[in-house]
Ligand code: FE
């Protein structure tokens with residue numbers, strides 16, 4: 001045995017060289033599929049629907065992790081190196097520095113909202129001088145992320161372009177049907193009950209599309225949150241008082257916690273409201289704001305939110 005092999009064996013015996021468990025993952029295997037890395041699970045779901053058996057999509061930010069502040073963890077760098085294509089939300093959602101830098105320097109990274117921003121800029125909301133990145137909350141807008149995904153997959157893997165295009169069209173139809181059902185379910189709730197208070201400012205697009213009356217210009221009063229676009233900001237007592245006053249003005253009785261945000265702020269609002277003699281309570285079911293949580297798919301996530309909101313609104317005042 002030569003000296004090199006002896007050296008390697010010694011390292012293995014000492015436990016210094018371990019096979020990378022990461023690289024044992026199916027996603028790292030060369031199996032002929034296009035390896036796609038996405039930031040959020042909502043994007044991964046769209047990619048998986050369009051990509052079918054030809055694509056292996058992996059979401060970097062899973063479960064209840066916060067996409068606004070996500071920083072790369074051990075192994076993420078290897079995923080960036082291995083990925084054939086990368087899709088991220090854009091509009092400033094992913095502002096963790098290490099993630100931002102990796103997205104910026106990757107040559108095949110696509111922001112799925114970029115086309116929307118270029119072709120329909122009037123639909124993008126600006127809150128306190130920043131783009132509101134929570135576009136996935138409005139299915140009719142999220143439909144516009146299909147084309148950038150289809151185009152990037154077709155360019156990378158032209159052999160299966162026809163499949164990607166036909167799956168993209170099928171997904172568009174499915175999403176438009178779900179959008180219509182959710183719209184009708186929520187518009188069936190009397191307008192005086194359609195005032196939404198959530199943990200953070202993730203539901204502006206949802207409110208504008210599903211809760212506002214048709215053509216309503218002042219729809220912003222229908223949604224309120226104690227925490228801003230990104231839920232990491234410090235909340236002040238004046239933020240709490242502002243939401244309590246809002247709830248009082250608009251007859252809000254139920255507050256909606258989000259699955260990946262602390263409930264502390266909403267509990268303070270309930271307590272402050274009780275001191276004013278208001279009947280405020282938390283919804284027994286949480287909403288999915290920035291994370292899909294236990295949802296099986298992106299559409300499941302939005303449908304869950306819509307059902308919970310409609311049920312709680314209708315339960316109001318008995
Ligand atoms: Fe958010």
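The values are calculated or read from the model by the stated rules, or taken from the named source; none is laboratory data. This is a predicted model, so every value here is computed, not measured. Glycine also receives a Cβ, built like all others from the backbone with ideal geometry; neighbour counts cover every protein chain displayed.
Filter segment 217-240 down to the residues that are more than 14 Å from residue 204 (Cα to Cα), out of contact with any helix residue (DSSP H, G or I) (no Cβ under 7 Å at 6 or more places or on another chain) and free of Cβ contacts under 8 Å to residues at least 60 places away in the same chain and list them by number.
Selection gives 233, 234, 236, 237, 238, 239.
Go through segment 84-102 and count every residue that is more than 14 Å from residue 36 (Cβ to Cβ) and touching a residue at least 12 places away in the same chain (Cβ under 8 Å).
12
With 240, 244, 302, 270 as the choices, which residue is within 30 Å of residue 60 (Cβ to Cβ) and assigned to a helix (DSSP H, G or I)?
None of the other options fit; the residue is 302.
Given the criteria within 16 Å of the ligand (Cβ to nearest atom), surrounded by fewer than 21 Cβ atoms within 10 Å (Cβ to Cβ) and farther than 22 Å from residue 92 by Cβ, does residue 248 qualify?
It is false that residue 248 is within 16 Å of the ligand (Cβ to nearest atom), surrounded by fewer than 21 Cβ atoms within 10 Å (Cβ to Cβ) and farther than 22 Å from residue 92 by Cβ.
For segment 298-318, does any single residue satisfy the condition of being in contact with a helix residue (DSSP H, G or I) (Cβ under 8 Å, 6 or more places away or on another chain), modelled with pLDDT under 95 and more than 24 Å from residue 188 (Cβ to Cβ)?
Among the residues of segment 298-318, not one is in contact with a helix residue (DSSP H, G or I) (Cβ under 8 Å, 6 or more places away or on another chain), modelled with pLDDT under 95 and more than 24 Å from residue 188 (Cβ to Cβ), which makes the answer no.
Of the numbered conditions (1) within 25 Å of residue 283 (Cα to Cα); (2) in the same structural domain as residue 49 (by TED's automatic domain parsing), residue 170 satisfies every one except a single condition; which is it?
(1)
Could you grab me the full set of residues in segment 281-318 that are more than 16 Å from the ligand (Cβ to nearest atom), in contact with a strand residue (DSSP E or B) (Cβ under 7 Å, 6 or more places away or on another chain) and either touching a residue at least 40 places away in the same chain (Cβ under 8 Å) or more than 19 Å from residue 201 (Cβ to Cβ) (or both)?
Listed by number, the residues that qualify are 281, 308, 309, 312, 316.
With the requirement that a residue be in a loop (DSSP other than H, G, I, E, B) and either crowded, with 23+ Cβ neighbours inside 10 Å or within 16 Å of the ligand (Cβ to nearest atom) (or both), what does segment 197-233 give you?
Across segment 197-233, the qualifying residues are 199, 201, 202, 203, 225, 226, 228, 229, 230, 231, 232, 233.
Can you tell me which of 75, 52, 92, 32 is touching a helix residue (DSSP H, G or I) at 6+ places or on another chain (Cβ under 7 Å) and modelled with pLDDT of 95 or more?
Just one listed residue meets the conditions, 52.
What number of residues within segment 259-268 satisfy the criterion of being under 25 Å from the mean Cα position of the chain (by Cα) and either modelled with pLDDT of 95 or more or more than 16 Å from the ligand (Cβ to nearest atom) (or both)?
Residues flagged as under 25 Å from the mean Cα position of the chain (by Cα) and either modelled with pLDDT of 95 or more or more than 16 Å from the ligand (Cβ to nearest atom) (or both) within segment 259-268 amount to 2.
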